[in-house]
Structure formats: C-alpha cells, structure tokens
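Reading through the structure tokens given below for one structure.
The values are calculated or read from the model by the stated rules, or taken from the named source; none is laboratory data. This one's a predicted model, so the numbers in the text were calculated from it and none came from an experiment. Note that we place each Cβ from the backbone using ideal geometry, even for glycine, and neighbour counts take in every protein chain shown.
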Amino acid sequence: MKLLEYEAKDLLSQSGILVPLSSLIYKSGESPLQFPVVLKSQVPVGGRGKLGGVEIITEPSEMADAVDALLVLDIKGHVPNVILAEEKLDIAHEHYVSFVVDRSSAVIQLIAHKNGGVEVENNTDKFLKLDFDIEEVEAIAQKVAVLFGHTDELSATLLQYLFADLYECFTENDATLLEINPLVYTPEKTFVAGDCKMELDDNAAFRHEWNFEQKPAETNFVTLDKNGTIATIANGAGLAMATVDAVADSGMAPANFLDIGGGANTESLLAAFNRIMTFPHIQGIVINIFAGITRCDEVARAIIAARQQIENLPPLYIRLAGTNYEEASELLLFEDIPMLITLEECIAEAKEATKS
Ligand code: GDP
Ligand code: MN
C-alpha cells in the first residue's frame with residue numbers, strides 16, 4: 001500500500017526524523033504557516049514537481065488561487081483530496097536516500113546518491129547500494145557522508161542518527177520501501193526530509209491499525225477505460241490480468257484492473273467498490289478470486305456490505321475459490337447472492353445480461 005507524502009512524513013516524524021513544518025489544506029483559506037510556503041499535491045504518484053504539483057508561494061495573496069488550481073490538477077490520473085502546505089526549506093544540496101527490501105537476499109538495503117531531486121533518474125554515476133545492518137550504522141553513515149561530500153564530523157553523526165531512525169521507521173511500520181528524495185541539506189547543516197515515498201506491506205495489515213487515505217485493495221487499481229462497462233476485482237496480478245483479458249475477449253469493455261492482494265479486508269474492498277462506482281457506465285462487476293492469503297469469507301463479507309451500503313450496485317458475477325470458500329458460500333447463500341463456478345460462466349452471464 002502506498003502512502004501519501006503527508007502520511008509518510010507523519011510516520012517519519014514519529015520516528016524522530018526532521019520534516020518541514022506543515023499543515024493540510026482541504027479547501028482554500030488561511031494558512032498558519034510562515035511564508036514562503038510550498039504547496040504540494042497529495043497524490044499517490046511521484047514526479048509531481050515536473051507536472052506542476054509542487055508550487056512555491058511567496059505572497060499570502062497568491063495562496064487561494066494556487067490551492068484551487070492544485071485541487072483540480074490531474075497528475076498521472078490522480079486528483080488530490082488534500083494539499084500539503086509546508087514552510088519552504090532553504091536548500092544547500094539535495095541528496096537521495098532510500099531503504100528497500102531486497103527480496104532475493106532477504107535483507108534491507110540502503111541506497112544513496114549524492115544528487116537527489118527531480119532529476120535523480122538522470123544521474124549518470126552509480127547509486128551506492130549496501131546491505132543495511134543496524135550494528136554497522138556508524139560505519140555506513142561515515143561512508144554516505146563521504147559520498148555526499150560532507151567531510152565534517154557533525155554530518156556523519158547526523159546521518160548516523162538519521163539512518164537509525166529511518167531503519168526504525170521502516171521496520172516498525174512493515175515498510176517495503178521508504179524513499180527520501182530530496183533529503184535536503186540545509187545551510188544550517190541539518191538534514192531534513194523534503195519528500196517521502198513510503199510503501200507498506202499489505203500482508204502485515206493485520207498487525208497494524210492502518211487508517212490511511214489509500215486502502216490496500218485500491219493501490220493496485222488501474223483505470224483502463226473510464227467509459228468501460230465491466231469492472232473487475234481479482235487477486236494476484238496474473239489472475240487480474242487474465243480476468244481483464246477474458247472480459248475484453250468477449251467483446252465487452254473492461255473498465256479497470258484491480259489486484260486486491262493479500263491484505264484485503266472488508267474496508268479496503270468496500271473502498272474498491274466505491275471507486276468502481278465513480279465510473280459512469282458500469283453494467284456489471286466480475287469478481288474472480290483464487291484465495292491463498294486472501295480469504296474468501298472476507299471477500300464475501302465485503303460483497304454483502306457493498307450490496308447493503310451502495311445504491312445502484314450493478315449486477316455481480318462472482319467466482320470464488322480457495323481459502324475459506326465454504327464459509328464464503330454459506331454467507332452469500334444466506335444473502336441470496338449467487339456464485340458461479342468458473343470465470344467463463346461469469347463472462348457468459350455478464351455478456352448475456354448486457355446484450356442490448
Ligand atoms: P516530487 O517531484 O513528486 O518528487 O516532489 P518533491 O516533493 O520531491 O518536490 C520536487 C522538487 O521541488 C524538490 O526536488 C525541490 O527541488 C523542490 N522543493 C520542494 N520543496 C521545497 C522546499 O521546501 N524548498 C525548496 N527550495 N525547494 C523545494
Ligand atoms: Mn520527490
């Protein structure tokens with residue numbers, strides 16, 4: 001699950017990492033911050049700076065118009081619900097640092113580059129990549145300080161604390177990615193997280209009380225055709241693609257791709273149903289679940305909740321198999337919600353019903 005920048009920065013701050021003073025703006029109005037401020041569109045994608053999603057405001061009089069414009073600005077298919085306003089940082093240098101899980105060697109790696117910022121992909125010299133061991137944090141910080149070009153003792157010490165805090169933030173929150181770009185080095189010789197991209201492991205959802213704007217099941221949602229007629233809900237990227245293909249092969253127009261992943265629960269699935277309901281021409285929803293980590297009963301509960309809570313829910317074509325299938329079929333039977341055995345049947349019924 002991807003976090004929005006302000007959510008990720010909240011977690012950073014809880015781990016003792018410096019972030020700019022900020023406030024959230026839902027509609028244009030006063031800001032309690034000192035000018036100049038930076039307005040940042042809170043969409044779950046990167047590269048906002050290059051697409052007009054990050055704006056520096058020097059005069060209070062410019063605020064309202066800028067906020068209004070950002071609230072309707074589409075960035076890679078996303079429009080924000082909220083704008084993050086931050087006091088503008090003075091930047092001496094922009095660095096790059098991230099923590100990732102390296103799946104093949106099952107370790108947490110630290111990746112760093114002297115030059116961060118919006119052009120980071122265009123760096124020609126290599127990123128420093130090393131296995132992160134908290135016992136070795138002092139030596140690692142020394143190395144990165146040299147890479148960054150800060151030869152003073154203070155910088156190495158500050159980086160040591162920063163990396164220890166980032167590591168704690170990463171592990172405590174079951175993150176799979178934590179990227180700080182830019183890591184701002186200020187004229188006062190401090191390091192501040194200018195931006196933060198964070199992804200959490202959906203499979204760890206059960207041990208947290210996550211209440212973020214994005215829900216696990218929504219993060220693997222891709223809009224294919226806003227005017228499509230058949231929505232799809234599946235689990236696993238492969239099955240989700242096969243489901244989309246089956247809809248398209250039958251001559252119907254798939255509206256979306258959705259892989260609900262392993263951490264899907266009733267709330268996140270309901271969020272996905274609600275997202276589907278924003279498409280104007282949906283005539284049916286094909287639900288194709290082959291449950292392993294996902295549980296069929298959880299999906300069934302979400303389907304029942306969706307039927308109760310969402311007005312004008314289009315017909316559902318449901319195929320469930322795998323973990324807790326029996327329980328799911330009882331739940332659905334009790335609510336008179338029919339299930340089908342195969343994806344082919346789902347497609348055939350949808351096709352029959354939408355034939356005009
Ligand atoms: P992204 O493009 O989505 O990664 O958004 P960022 O939050 O990383 O912002 C993009 C760029 O805007 C940064 O690399 C900075 O150069 C600039 N920027 C963002 N915040 C500040 C700030 O507080 N002060 C200054 N001087 N520049 C900023
Ligand atoms: Mn950035």
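Scanning segment 170-187 for residues that are part of a strand (DSSP E or B), away from ligand 2 (no atom under 16 Å from the Cβ) and surrounded by fewer than 21 Cβ atoms within 10 Å (Cβ to Cβ) gives a single hit, Thr176. Of all residues in segment 189-245, those satisfying the criterion of being closer than 30 Å to Gln160 by Cβ, away from ligand 2 (no atom under 16 Å from the Cβ) and surrounded by 15 or more Cβ atoms within 10 Å (Cβ to Cβ) are Thr190, Leu200, Asp201, Ala204, Trp210, Phe212. All conditions in (1) farther than 23 Å from Leu4 by Cα; (2) touching a Pro at 6+ places or on another chain (Cβ under 6 Å) hold for Gln214, with the sole exception of (1). A count restricted to segment 20-55 and to residues that are assigned to a loop (DSSP other than H, G, I, E, B), within 13 Å of ligand 2 (Cβ to nearest atom) and among the basic types (Lys, Arg) stands at 1.
Taken as a whole, the condition of being within 29 Å of His93 (Cα to Cα), away from ligand 1 (no atom under 16 Å from the Cβ), within 28 Å of the chain's Cα centre (by Cα) and touching a residue at least 60 places away in the same chain (Cβ under 8 Å) does not apply to Asp133.
Considering each residue of segment 63-77 in turn, none proves to be within 16 Å of ligand 2 (Cβ to nearest atom), in contact (Cβ under 8 Å) with a residue 12 or more places away in the chain, closer than 24 Å to Thr186 by Cα and not polar (S, T, N, Q). If only residues of segment 88-131 that are away from ligand 2 (no atom under 16 Å from the Cβ) and in contact with an Asp or Glu (Cβ under 6 Å, 6 or more places away or on another chain) are counted, the one that is farthest from His150 (Cα to Cα) is Val107. Considering every residue within segment 251-267, establish whether at least one is within 16 Å of ligand 2 (Cβ to nearest atom) and either in a strand (DSSP E or B) or not aromatic (Phe, Trp, Tyr) (or both). No, segment 251-267 has no match at all. Every residue in segment 217-233 that is among the hydrophobic types (A, V, I, L, M, F, W, C), closer than 29 Å to Glu5 by Cβ, outside any helix (DSSP H, G or I) and touching a residue at least 40 places away in the same chain (Cβ under 8 Å), please. Correct list: Phe221, Ala231, Ile233. Filtering segment 48-64 to residues that are modelled with pLDDT under 95 and either acidic (Asp, Glu) or under 29 Å from Met1 (Cβ atoms) (or both) leaves Glu59, Glu62. Leu11 passes every criterion in (1) aliphatic (A, V, I, L, M); (2) surrounded by 18 or more Cβ atoms within 10 Å (Cβ to Cβ); (3) within 14 Å of ligand 1 (Cβ to nearest atom) apart from (3). For segment 200-222, the set of residues classified as modelled with pLDDT of 90 or more and either polar (S, T, N, Q) or touching a helix residue (DSSP H, G or I) at 6+ places or on another chain (Cβ under 8 Å) (or both) consists of Phe212 only.
Conditions (1) of a type in the set (Gly, Ala, Ser); (2) more than 16 Å from ligand 1 (Cβ to nearest atom); (3) within 22 Å of Lys114 (Cα to Cα); (4) without any contact (Cβ under 8 Å) to a residue 24 or more places away in the chain, marked per residue:
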| site | (1), (2), (3), (4) |
| --- | --- |
| Phe170 | no, yes, yes, no |
| Asn173 | no, yes, no, no |
| Cys196 | no, no, yes, no |
| Asn203 | no, yes, no, no |
| Arg207 | no, yes, no, no |
